[in-house]
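Note sheet for the following structure.
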Amino acid sequence: MKRTKFIRKTILFLMLTGSALFYYAWQIEPFDVEFVELEMEIENLPQELEGKTLMQISDTHIGDRFDYQYLIDNFQKAQKMNPDIVVYTGDFLAYKSPKQFQQLAEVSPHFVKGKLATVGVLGNHDYGKNWNESDVANRIEKDLETVGIQILRNESLEVQGLTILGMDDLYGTHFEGEKLMKTYRKSAANLVLCHNPDALDLPIWNDYRGWILSGHTHGGQVKFPFFSPPVLPVKNKKYSAGKIELNDGRTLYINRALGHTYQIRFNVRPEITLFKLKSKKI
């Protein structure tokens, strides 16, 4: 009887523990945003940008998957940090139907804006079904620019001497990374926005040296201690999350995403990143 009672208690304990972990991963961690603060050293950084802040927000996935009031609440918190530059690294929508344009219209007045500039690039989900609906991407670009977010599609923008190069999505219909990187000037201060980090393994980089900000992976959303995330939507499984030195002059940073396509996170909190700009000594 004692052994039977012990087994029953063990089973009950395991069931309760499992239920608690599931509830945490479903209802708590997906909305427990971490504000990550880091330094970003940039070669040739103009003196006027020394100490300025650059905020990265990625993968908001506005749509039907979760209550996007959560995004608005965290945008308001982020705006109070008064970033100088704000960059968005793609997947604004989790596009399924034109309904998402109305949802974007409800959220877009609350997007975080930079004092000097607010720019972004598109992600694969911004290209609609099978990532090939150019009209969806064009509409998202137009709607975002209406509220003050300049979308770079294989284009660059100079912000007080910092050249921001925006690469269109690798899986979309308008990817021209090689063309963009031919415009890279080594003598300038540079930063690249590139939604999908798999693009870093393509022979398009023209000896680029500097930071690349990406999203797309969400850090896998689930990561058990001492193990790599079991699911990553990239070919190169080294590209998970955080700062990655590529040992060729490039530094990759993968944001873990503010939104999600599936409401489950464990040991991979959603993220907004705030970089402090600093001149890199050569």
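The values are calculated or read from the model by the stated rules, or taken from the named source; none is laboratory data. Bear in mind that the values here come from a model prediction, so they are computed numbers and not experimental data. As a convention, Cβ positions derive from the backbone with ideal geometry for all residues, glycine included, and neighbour counts pool all protein chains shown. The protein model used for the area step is the full one, side chains on, heavy atoms only, and it has no ligands, DNA or RNA in it. Shrake-Rupley method; radii C 1.70, N 1.55, O 1.52, S 1.80 Å.
For the reader, a short list of remarks on this structure follows.
- The listed residues 84, 207 rank as 207, 84 when sorted by accessible area, largest first, using a 1.4 Å probe.
- Where labels lie 7 Å past Cα in the beta-carbon direction, separation of residue 248 and residue 82 in nm: 4.1
- Whole-Hz couplings from phi, Karplus 6.51/-1.76/1.60, listed for the stretch 213-223; x for Gly and Pro: 9, 10, x, 6, 7, 6, x, x, 6, 10, 9
- Stretchable slack from residue 179 to residue 22, in nm (0.36 nm times residue separation minus alpha-carbon distance): 51.9 nm
- The chain - percent of accessible surface contributed by carbon and sulfur, probe 1.4 Å: 54
- If the segment from residue 276 to residue 202 were pulled out straight at 0.36 nm per residue, it would be longer than the present Cα-Cα gap by 23.8 nm.
- Each Lys or Arg adds one and each Asp or Glu takes one away; over the other residues whose Cβ falls under 13 Å from the Cβ of residue 262, this sums to -1.
- Annotation: per residue accessible area for the chain equals 48 Å², rounded to a whole number [probe 1.4 Å, protein chains only].
- Across the chain, the longest piece that holds none of the chymotrypsin sites (Phe, Trp or Tyr not before Pro) lying in DSSP loops with up to 11 other C-beta atoms within 10 Å covers 1-225.
- In the list [x] 15.1; [y] 13.8; [z] 16.8, the label attached to mean projected area of the Cα convex hull in nm² as derived from the coordinates here is [z].
- ³J(HN,Hα), Karplus 6.51/-1.76/1.60, whole Hz, each residue of the stretch 109-126, x for Gly, Pro: x, 9, 4, 5, 10, x, 5, 9, 6, 9, 9, x, 10, 8, x, 4, 5, 7
- The chain: relative contact order as a whole-number percent, Cα under 8 Å and 6+ apart: 28
- Whole-number percent relative contact order across the stretch 158-208, with pairs defined as alpha carbons under 8 Å at least 6 apart: 44
- Dipole magnitude for the chain: computed about the Cα centre from +1 point charges on Lys and Arg Cβ and -1 point charges on Asp and Glu Cβ, it is near 1460 debye.
- Computed over the stretch 160-282: relative contact order in percent, which uses C-alpha pairs under 8 Å that are six or more apart: 21
- Helical contribution to [θ] at 222 nm, DSSP H n ≥ 4, -39,500 (n - 2.57), averaged over the chain, rounded to 500: -6500 deg cm²/dmol
- For residue 151, the residues 5 or more places off, or on other chains, whose built amide H falls under 5 Å of its own are 120.
- Antiparallel bridges, percent of DSSP beta bridges restricted to the stretch 115-253 (to nearest 5): 35
- Of all lysines in the structure, those lying under 23 Å Cα to Cα from residue 80, and not within fewer than 8 positions of it along the same chain, are 52, 113, 115, 276, 278.
- The length gained on full extension between residue 15 and residue 231, counted as 0.36 nm times the residue separation minus their Cα-Cα distance, comes to 75.3 nm.
- Taking every DSSP beta bridge that has both ends in the chain, the antiparallel portion is near 25%.
- Solvent-accessible surface (1.4 angstrom probe) belonging to residue 256, in square angstrom, nearest 10: 40
- Using θ = phi - 60° and Karplus 6.51 cos²θ - 1.76 cosθ + 1.60, couplings along the stretch 94-102 (whole Hz; Gly, Pro as x): 9, 6, 10, 7, x, 4, 5, 5, 5
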